[in-house]
1. Grab the other residues whose beta carbon is less than 14 angstrom from that of Asn92, score K and R as +1, D and E as -1, and report the net.
2. Would you work out which of Tyr36, Ser124, Phe113 lies farthest towards the positive end of the dipole of the range 19-146? Charges go on Cβ: Lys and Arg +1, Asp and Glu -1.
3. Please tell me which of these pairs span more than 30 angstrom C-alpha to C-alpha: Lys32/Lys111; Lys24/Lys121; Lys84/Lys111; Lys84/Lys143?
4. Tally Lys and Arg at +1 and Asp and Glu at -1 over the other residues with C-beta under 11 Å from the C-beta of Arg132: what net charge comes out?
5. Work through the residues other than Ser75 whose Cβ is under 13 Å from its Cβ and net out their charges, Lys, Arg +1 and Asp, Glu -1.
Amino acid sequence: MFLPIGKKKRTLVSFTATTVADGKISLNNRLKEGWYTIEVSTTDKDGTIIKDIETIELTGQQITNPISFGSIEPSKSKLEPGDKLSYTIRTNLDSIWVIHHVNRVNKDAEKQFVVTTKGNKTFSIETSEADRGGIAFDIAFIKNNRVYTDNATVSIPFSNKELSVSFSTSGIKPYLVVMKMESTH
C-alpha cells in the first residue's frame, strides 16, 4: 500500500503479488513526487502475518521536502576543459536572497547576489584550460533567523598530464630497462 504523508491517509496503490527469484515487483502506476508510506504485509509458512512499514520520498523536478533547505547541485561532478557546466540552486523557501560564489583556480571568486523563489534557478558556465584543478561553488542565505549554506565541487582533472608507460622486450635474453623522467615545467 502506498499512502501519501501529510495528507489524509488514503490508499493510492494496492495490489497482490507473488515474489519471483529476483525479488522485484513492478508498479504499473506512475506516482507523483512526494513522501509516501509503504506498507507491505505477507503471511509466512506458519500462517503468521509479517508486516513492514517504511517511509520514502520520490523525487523529481518538484520540491517536496518538508524541511527547509537550500542547495547547490552541479549537473556533473567531473568535466574536461571546453565542456559546458550547468548547476542549480534549489530551495523550498519563498523568496530568498542568496549570496553565491564561483571559485576558480588562480582567479578571484565571482560573487553574485541572486533572488530566487520556491523552486530552482539554473546557471551555466563554460570551462577552459585555466579551470583545471576544479571549480567550487557555495551559497549562503538567511531566512527566518536561520543561516543556510551549501557547497559543491566539480573536478576538472589534469588529464593532459597523464603519463602512459609501456615496456617491451625482444628475444629471450632479459634486459635491464632504465627509465629516466624529466619534467619540462
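Read-outs throughout are calculated quantities, based only on the coordinates presented, and are distinct from any laboratory measurement. From a predicted model like this one, the values you see are computed outputs, not experimental measurements. Methodologically, a virtual Cβ is constructed for each residue, glycine included, from the backbone with ideal geometry; neighbour enumeration extends over all protein chains shown.
1. 0
2. Phe113
3. Going by Cα-Cα distance, Lys32/Lys111; Lys24/Lys121; Lys84/Lys143 fall outside the 30 Å limit.
4. That works out to -1.
5. Its environment carries a net charge of +2.
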